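Note sheet for the following structure.
Only the coordinates and a few stated rules stand behind these numbers; no lab work does. None of the values given here were measured: they were computed from a predicted structure. All Cβ positions, even for glycine, are placed from backbone atoms using ideal geometry, and neighbour counts span all protein chains on display.
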Amino acid sequence: MIPATAEKIEKEDLPRLTFPKEAVHLSEEHRRALEAKLDRARTLGNTEHDKCRILFKDSEGMKYVECTVWSFDKGSIVLKYGNTIPLTRVLDVQMF
């Protein structure tokens, strides 16, 4: 569930955001679950063009974006148009 305090942004606005270098604090179990969710989001995004919600923190606070995940690695999530979100700043991924 997306917190009511999280601001929705458009994927086209991602390049304007500033992301701190330090990672958000997540347990190792949460990080593994997050990577599994991202793997599913990538698979469904590439085969079915399904969208997901990505909850993350930038320098101003909690935000989310609704988008298709094209790929991800240990450093970042790649979205449509080559926009990226640092993986270390992601809190959750939800399919819808």
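General remarks:
- Filter result for Glu10 (surrounded by fewer than 14 Cβ atoms within 10 Å (Cβ to Cβ), within 13 Å of the chain's Cα centre (by Cα) and acidic (Asp, Glu)): yes
- Within segment 26-64, the only residue that satisfies the criterion of being closer than 12 Å to Asp92 by Cα and in a loop (DSSP other than H, G, I, E, B) is Leu26.
- Scanning segment 17-25 turns up one or more residues that are more than 11 Å from the chain's Cα centre (by Cα), of a type in the set (Val, Ile, Thr) and part of a loop (DSSP other than H, G, I, E, B).
- Where a residue in segment 2-29 is in contact (Cβ under 8 Å) with a residue 12 or more places away in the chain and closer than 13 Å to Lys57 by Cβ and its partner, wherever it lies, is of a type in the set (Val, Ile, Thr) and part of a strand (DSSP E or B), with Cβ under 7 Å and at least six apart: Ile9/Val65
- When Gly75 is tested against (1) within 12 Å of the chain's Cα centre (by Cα); (2) surrounded by fewer than 18 Cβ atoms within 10 Å (Cβ to Cβ); (3) in contact (Cβ under 8 Å) with a residue 24 or more places away in the chain, just one condition goes unmet, and that condition is (3).
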